[in-house]
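The values are calculated or read from the model by the stated rules, or taken from the named source; none is laboratory data. All values reported here derive from a predicted model rather than from experimental measurement. Note that each Cβ is placed from the backbone with ideal geometry, even for glycine, and that neighbours are counted across all protein chains shown.
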Amino acid sequence: MDQPARRVLIVEDDEELAALISDYLSDNGLQVSVVSDGANAERAMDEFAPDLIILDQMLPNKDGLQICRELRPNFGGPIVFLTARSGWVDEVVGLEIGADDYLGKPVEPRLLLARVRTLLRRTEAPPVTPEPSRHRLQIDERQRSAKLGGRVLELTDAEFDLLAYFHAHAGQPLSRTELAKEVCGQEYDPLDRTIDVRVARVRAKLGDDPKHPRWIKSIRGVGYLFLEPERD
């Protein structure tokens with residue numbers, strides 16, 4: 001059975017560029033939705049449920065950096081920035097707040113498509129198999145490695161530390177304050193989204209859906225709950 005087309009949300013106020021990108025991605029098998037106003041990005045994400053977001057940095061009402069900060073805690077998929085700016089500072093800031101890639105305008109559609117496909121492949125969930133162990137998560141503290149259903153998860157050191165802590169405290173609500181102290185070794189700053197960004201990235205690598213979580217559940221006003229692992 002054919003897999004459903006992956007969904008791409010384009011947030012871009014340049015109508016000509018948005019139409020060019022949308023048509024090119026659609027012609028290459030992707031399902032695309034476009035919004036032109038930054039203030040509508042969050043609603044569009046909820047309604048369209050994209051797998052990847054292409055985000056212009058300069059938008060009316062809300063700039064791309066602000067949108068990225070707001071969306072990243074609850075969106076584990078890739079975010080690609082488009083910008084007409086040439087300064088490296090903007091690129092660094094974008095990557096630090098959760099962007100996965102950064103392309104300057106004018107963007108070559110073929111290059112954008114290649115980047116989009118690469119990022120989407122990284123977030124593909126492992127194939128569904130009939131074996132009962134397909135959901136088994138294995139954490140090896142000594143080797144600092146993690147496997148899901150026998151598939152090695154490509155984790156950064158920071159992501160492994162968070163996942164290992166979650167796994168060791170499965171079934172226990174964990175506050176951002178605790179995670180910041182125990183995992184990051186620092187005091188929690190409500191303005192710092194490091195924990196939320198890291199959780200979003202771990203979710204993506206687990207193939208977890210924030211709206212229907214199997215692994216990491218958000219608890220409003222508390223933090224996160226790592227669900228009890230299934231027994232083989």
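Here is how the numbers come out for the structure above:
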read-out: Residue in region 23-50 that is farthest from Arg117 (Cα to Cα), counting only those that are assigned to a helix (DSSP H, G or I) and more than 21 Å from the chain's Cα centre (by Cα); value: Asp23
read-out: Checking Asp161 against (1) surrounded by 17 or more Cβ atoms within 10 Å (Cβ to Cβ); (2) in contact with a Ser or Thr (Cβ under 7 Å, 6 or more places away or on another chain), the condition it does not meet; value: (2)
read-out: Close pairs (8 angstrom Cβ cut-off, 6 or more residues apart or separate chains): under 15 Å from Ala200 (Cβ atoms) in region 157-179, in a helix (DSSP H, G or I) and of a type in the set (Phe, Trp, Tyr) anywhere; value: Leu179/Tyr165
read-out: Lone unmet requirement of (1) out of contact with any Asp or Glu (no Cβ under 9 Å at 6 or more places or on another chain); (2) under 27 Å from Asp46 (Cβ atoms) for Trp215; value: (1)
read-out: Extreme residue, nearest to Arg6 (Cα to Cα), among residues of region 58-88 that are charged (D, E, K, R) and not in a loop (DSSP other than H, G, I, E, B); value: Arg72
read-out: Qualifying residue in region 185-193 (condition: surrounded by fewer than 18 Cβ atoms within 10 Å (Cβ to Cβ) and under 16 Å from the mean Cα position of the chain (by Cα)); value: no
read-out: When residues of region 76-111 are limited to those that are crowded, with 20+ Cβ neighbours inside 10 Å and at pLDDT 85 or above, the one farthest from Asp46 (Cα to Cα); value: Leu82
read-out: Test set (1) within 16 Å of Ala84 (Cα to Cα); (2) assigned to a loop (DSSP other than H, G, I, E, B); (3) modelled with pLDDT of 85 or more - Leu55 fails condition number; value: (2)
